[in-house]
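Asks: First the structure, which I've put down as structure tokens, then a few questions once you've had a look.
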Ligand code: BES
Ligand code: MN
Ligand code: MN
């Protein structure tokens, strides 16, 4: 079977070239790096290559500093750490020459950083987005090295947030350093602190700071590349609807032999209810959800299985090509269950149990409609008259875009130049609720979704890591992009 990446490599082979030189030179700026807009004459490309290479060691040290802060906003015990993390990002922004730096938060929301590098006359403003909050570790004891002690092994930097998304934060800051604090376009740095919680106060933040965040182009450094030397331009992301599902069967725990049989238990009822979400092949069967399609070349199944860590003999769920299933169809997973622990279980019927259900929704679907569809399905399938309570949790809209227009052409040139391979336009199965929210607030802005993850990054998992060579390519790519975006 054709591999997605090999197919692309084949397509790109033979014409690795630099950016075409069509526009005029706008002179040299004051910051040590020439502020040449376009064309990206070979001189400027070489200057940016050495300028980005020169800042990498510092950027990596700053990244380590950020990774040491356990900014798990979703865990109230780490609220102070998330504030420390925002303060550290703000300080790094000042160090990278920002003319204004603010830490902002909506009522009850996480701290976000907004910093500015004003545009040279006539130049557009580019908003650079990333998030400084991270996922929980999943158990520090499972990590090869402690999650908040950044550690290098075989060219990769390991630590929670080393990839998702403190690498995104540091990509932007490294680029600003490479330009010695005077980029060729206006830059607004926006570093969110609650992305991993579904960005619950983002709408408020965008409304309160609309003027500070207005931009012509937005660059999101929070996605992944298909390989460390193959850059991706993300064309779609799924949305997300989380909910807590509770079933109650009994007033209290009762002897499982005295009453068991005619009286059932809540955990079994919950299992039956969860089993109603898929058919036998694993296709999601909740009515009313959008199922899209894709004609993207299929991924190599063996490569997918190994990236996903599927055990031998375990089947793939659902139907359609693998990209179609990941990017354009809904997926449902049970992320957690509250129930007695096995080593503490006793012979009583469990009176109530609850599960965290996560529904990924396809581009074109709507979180409110999807939540309603899921709730209706659960209500129709709860067995044995058990009492059901569904509580909506984090949510976010899906997103898709057409990469037509000069900012996208600029990105394709810049990324191909930095990575040595043509850009792959690709969907992603993950979600970034910020994007749809931002696009709704600023409908005229072009949105570029990039990032420095790769299939080995293990985002959200044990032993998350960043490929340091790819980090360097990502920094150069974004530096070239800003030069290309300058008029
Ligand atoms: N960076 C990820 C999303 C992502 C992953 C995009 C891989 C592209 C490729 C982001 O930090 C994330 O994890 N988002 C959450 C959103 C949720 C909490 C609303 C997700 O997808 O689970
Ligand atoms: Mn992320
Ligand atoms: Mn994440």
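Asks: Under 18 Å from a point 7 Å along the Cα-to-Cβ line of residue 263: which residues of region 356-393 have their amide N that close?
Replies: Under 18 Å, as judged by backbone N against the label point of residue 263, lie 384-387 of region 356-393.
Asks: Could you run the Debye sum over the Cα atoms of region 261-410, one equal point scatterer each and no solvent, and tell me log10 of I(q)/I(0) at q = 0.16, 0.20, 0.21 Å⁻¹, two decimals?
Replies: -1.03, -1.31, -1.37
Asks: If you don't mind, another one. Pairing the Cα long axis of helix 367-381 with the longest principal axis of the chain, what angle in degrees results, from 0 to 90 and rounded to the nearest 10?
Replies: 20 degrees
Asks: Still on this structure, I have one more. At 0.36 nm per residue, and after removing the present C-alpha to C-alpha distance, how many nm does the segment from residue 211 to residue 337 gain when stretched out fully?
Replies: Answer, rounded to one decimal: 41.1 nm.
Asks: Same structure again: Separation of region 123-173 and region 238-269 by C-alpha centroid, Å?
Replies: Answer, in whole Å: 39.
Asks: Still on this structure, please answer the following. Enter the angle in degrees (range 0 to 90, nearest 10) between the Cα long axis of helix 406-419 and the first principal axis of the Cα atoms of the chain, meaning the one along which they spread out most.
Replies: 90 degrees
Asks: Calculate, for residue 141 and residue 283, the FRET efficiency according to 1/(1 + (r/R0)^6) with r their C-beta to C-beta distance and R0 22 Å; round to the nearest 0.05.
Replies: Here the calculated transfer efficiency is 0.05.
Asks: Suppose R0 equals 35 Å; then what is the FRET efficiency for residue 68 and residue 291 from their Cβ-Cβ distance, rounded to the nearest 0.05?
Replies: E between residue 68 and residue 291, to the nearest 0.05, is 0.20.
Asks: Okay, next question. I'd like the distance between the alpha-carbon centres of region 390-453 and region 331-384, rounded to an integer number of Å.
Replies: When both Cα centres are located, 30 Å separates them.
Asks: In vacuum, with every alpha carbon of the chain counted as one equal point scatterer, what does the Debye formula give for log10 I(q)/I(0) at q = 0.06, 0.07, 0.08, 0.13 Å⁻¹? Two decimals, please.
Replies: Taking Cα atoms of the chain as identical point scatterers yields -0.29, -0.39, -0.51, -1.25.
Asks: Just subtract the alpha-carbon distance of residue 380 and residue 152 from 0.36 nm times their residue separation and send over the number in nm, one decimal.
Replies: Extra length from residue 380 to residue 152 when fully extended: 77.0 nm.
Asks: Taking the chain as the reference, fit the longest principal axis to its C-alpha atoms, fit the long axis of helix 266-275 to the helix C-alpha atoms, and give the angle between the two in degrees, 0 to 90, nearest 10.
Replies: Once rounded, one gets 50 degrees.
Asks: Can you bin region 424-487 into rounded, prolate or oblate? Criterion: square roots of the alpha carbon gyration tensor eigenvalues sorted a ≥ b ≥ c, rounded for a/c under 1.5, prolate for a/b above b/c, oblate for the rest. Can you show the working numbers first?
Replies: Working: a/c = 2.69, a/b = 1.25, b/c = 2.15.
Oblate is the answer for region 424-487, as a/c is 1.5 or above yet b/c matches or exceeds a/b.
Asks: Apply the a/c threshold of 1.5 to the C-alpha gyration tensor of region 199-331 and tell me whether it is rounded, prolate or oblate.
Replies: Oblate shape, in that a/c is at least 1.5 and b/c is the bigger or equal ratio.
Asks: So for the pair residue 369, residue 302, with labels modelled 7 Å out along Cα→Cβ, what separation do we get in nm?
Replies: 4.1 nm
Asks: Let me ask another. Can you give the FRET efficiency to the nearest 0.05 for residue 347 and residue 87, using r as the Cβ-Cβ distance and R₀ = 60 Å?
Replies: The value I calculate is 0.70.
Asks: Moving on to the next point. When the C-alpha atoms of region 354-450 are aligned to their principal axes, what extent does each axis show, in angstrom, from largest down?
Replies: Per principal axis, max minus min of the Cα coordinates gives 61, 29, 17 Å.
Each value in this text was obtained by applying a stated rule to the coordinates, not by laboratory testing. Note that this is a predicted model, so its numbers are computed, not measured. With ideal geometry, Cβ positions are generated from the backbone for all residues, glycine too; neighbour counts draw on all protein chains shown.
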